[in-house]
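The values are calculated or read from the model by the stated rules, or taken from the named source; none is laboratory data. A quick note: this is a predicted structure, and the numbers were derived from the prediction, not measured. Backbone-built Cβ (ideal geometry, glycine too); neighbour counts: all protein chains shown.
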Amino acid sequence: MDPRSEYVQQITRRHFFGGSAMGLGTAALATLLGKDALGGNTLVGDGAATEAGIGGLPGLPHFAPKAKRAIYLFMAGAPSQIDMLDYKPALDDMFDQDLPESVRNGQRLTTMTSGQSRFPLAPSKFKFEQHGQSGAWVSELLPHTAKMVDKLAIVRSLHTEAINHDPAITYICTGHQLPGRASLGSWLGYGLGSLNENLPTFVVMTPTWTGRQDAQAIYQRLWGSGFLPSKYQGVALARTGDPVLYLSNPDGVNSDSRRRMLDSLARLNQQTAQTYGDPETQARIAQYEMAFRMQSSVPDLLNIADETEATLERYGPDVQKPGTYAHNCLLARRMAERNVRFVQIFHRGWDQHGNVGGDLPKQCHDIDQPSWALIQDLEERGLLEDTLVVWGGEFGRTVYCQGALTRENYGRDHHPRCFSIWMAGGGIKGGVVHGETDDFSYNIVRDPVHIHDLNATILHCLGIDHRRLSVKFQGLDVRITGVEDHGPVRGILA
């Protein structure tokens, strides 16, 4: 063999990157200084930010975005659309009748109800009224949401293939039912970069809840970066103690000594990067630096002493209790002010297989007023026009009852064929009700919206063509919206 060819074949990928590590290091240091290494854009403090951000991909956004940032209010466990946003008055006269087989049409069932001898219809016990100029029907469980329907696009025709919680929530958050893919917030950080040098690009909160306490578990992979570099994963704020683990200096360590330690560690990591060229080494450097800056930015974010009494009252009595949904919604608005790119709140306890009459009102009480207050607060501060807000869960609930049925109480199983969400803010047309289900809130009869369509819509509002944002993984060009023909929901776009 020609020795030159043999030498070239022996050069591994790591050797190659090791030879070019100085270039990678320069790019990483430029990012840490708050500058786009290619374009020279800068960020100033927590406020003034370039539209493109720092650390994103060249050429993104693909077109002028309507939204710069997004807040996703995720109701983990699946809210009952038929008791909240999808009014079906004809069911009142069919109480306790069997669901027609022509409606179910052989749909697979979960193990919770597959053994039932019958599937009795359970009309909602809650009253509905029309609201706003749009005339949207909203349940009495959501009186504050009802007041803002003309700001919302309510989608009643969302659907998914997943029928159990873990694959369903993994699917909608990452685009795939199996673990290992990058989450929506990670994709946004990877594609668009950060709008803020002092706070993470992607922040997650998991508030308390007052409904059924035996709730489905949620996992860090829902805000993980999967095959993307780890610096794009979400940072979860804890409900108690240090908001971010290990953020505070240990006893005997002050800010100056921590700075010296990080400088020394950065030099060692740069040597490692030059030797091996592993991109994760650069990610570690960036994460250490972000943690250092967060020692001042996070306490400032969490200190709500500067909020007016009127603002606090708007969010409701729980707003002053750290770890509640109301408190988290206020923090989400404060993050929007500080240009955090993506905030996701996972509110658990929506898995009402029984006791809908007792648990669902508690869950709605948790989220109704704070969600309304968040929209009003953003609008008054001029932030709603470029902040996208999404509210919804991973699938819906069945029209038939699981367990014992009475007029006052019933249970509902998982239902992937249709469920309801709402969206508001940057890029979304207000006062719209999109999609329609049959008289049983069981099948979609008009304008179906797949969860991939929902994610394509979110990306579109932020200036991303979902077909053009992909990463090579396991031999595929992987997108969060999958490989099938999906796209933004044009009927709700402003």
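Things to note:
- Taking each residue of the stretch 308-330 that is over 14 Å from Val204 (Cα atoms) and touching a residue at least 12 places away in the same chain (Cβ under 8 Å) and looking for partners that are surrounded by 21 or more Cβ atoms within 10 Å (Cβ to Cβ) and hydroxyl-bearing (Ser, Thr, Tyr) with beta-carbon atoms closer than 7 Å, six or more apart or interchain, yields Asp318/Thr324; Ala326/Tyr315.
- Val483 being modelled with pLDDT under 95 and either β-branched (Val, Ile, Thr) or under 29 Å from Gly358 (Cα atoms) (or both): yes
- Checking each residue in the stretch 234-249 for being loosely packed, with under 11 Cβ neighbours inside 10 Å and modelled with pLDDT of 75 or more picks out only Thr240.
- Residues located in the stretch 405-425, provided they are under 13 Å from Gly357 (Cα atoms) and touching a strand residue (DSSP E or B) at 6+ places or on another chain (Cβ under 8 Å): Leu405, Tyr410, Gly411, Arg412
- Condition met for Gly252 (free of Cβ contacts under 8 Å to residues at least 12 places away in the same chain and either surrounded by 15 or more Cβ atoms within 10 Å (Cβ to Cβ) or farther than 23 Å from Glu197 by Cβ (or both)): yes
- Of all residues making up the stretch 475-494, the number that are in a loop (DSSP other than H, G, I, E, B), closer than 19 Å to Pro167 by Cβ and in contact (Cβ under 8 Å) with a residue 40 or more places away in the chain: 4
- The set of residues in the stretch 264-291 that are modelled with pLDDT of 80 or more and assigned to a loop (DSSP other than H, G, I, E, B) is empty.
- Hey, Ala424 crowded, with 17+ Cβ neighbours inside 10 Å and closer than 27 Å to Gln133 by Cα or not: yes
- Residue under evaluation Met84, criteria (1) more than 19 Å from the chain's Cα centre (by Cα); (2) surrounded by fewer than 20 Cβ atoms within 10 Å (Cβ to Cβ); (3) under 20 Å from Pro448 (Cβ atoms), criterion not met: (2)
- Hits in the stretch 111-124 (condition: among the polar types (S, T, N, Q) and surrounded by fewer than 16 Cβ atoms within 10 Å (Cβ to Cβ)): Thr111, Ser114, Gln116, Ser117
- Pairing residues of the stretch 399-411 that are surrounded by fewer than 22 Cβ atoms within 10 Å (Cβ to Cβ) with residues that are small (Gly, Ala, Ser), at Cβ distances under 6 Å and at least 6 apart in sequence or on separate chains, gives Gly403/Gly354; Gly403/Gly411; Leu405/Ala122; Glu408/Gly357; Asn409/Gly357.
- Against the list (1) surrounded by fewer than 20 Cβ atoms within 10 Å (Cβ to Cβ); (2) touching a Lys or Arg at 6+ places or on another chain (Cβ under 6 Å); (3) not small (Gly, Ala, Ser), the condition Cys461 fails is (1).
- One residue stands out in the stretch 118-136 among those that are in contact (Cβ under 8 Å) with a residue 12 or more places away in the chain and in a strand (DSSP E or B): the one that is nearest to Val489 (Cα to Cα), namely Ala136.
- Test: residue in the stretch 301-313 that is at pLDDT below 95, on the phi < 0 side of the Ramachandran plot and surrounded by 18 or more Cβ atoms within 10 Å (Cβ to Cβ): yes
- Screening Ser225 against (1) farther than 21 Å from Phe473 by Cα; (2) modelled with pLDDT of 75 or more; (3) of a type in the set (Gly, Ala, Ser) leaves a single unmet condition, (1).
- When the stretch 125-144 is filtered for residues that are surrounded by 15 or more Cβ atoms within 10 Å (Cβ to Cβ) and polar (S, T, N, Q), the ones remaining, listed by number, are Ser134, Ser139.
- Exclusive hit being surrounded by fewer than 23 Cβ atoms within 10 Å (Cβ to Cβ) and among the hydrophobic types (A, V, I, L, M, F, W, C), set Leu178, Leu184, Leu192: Leu178
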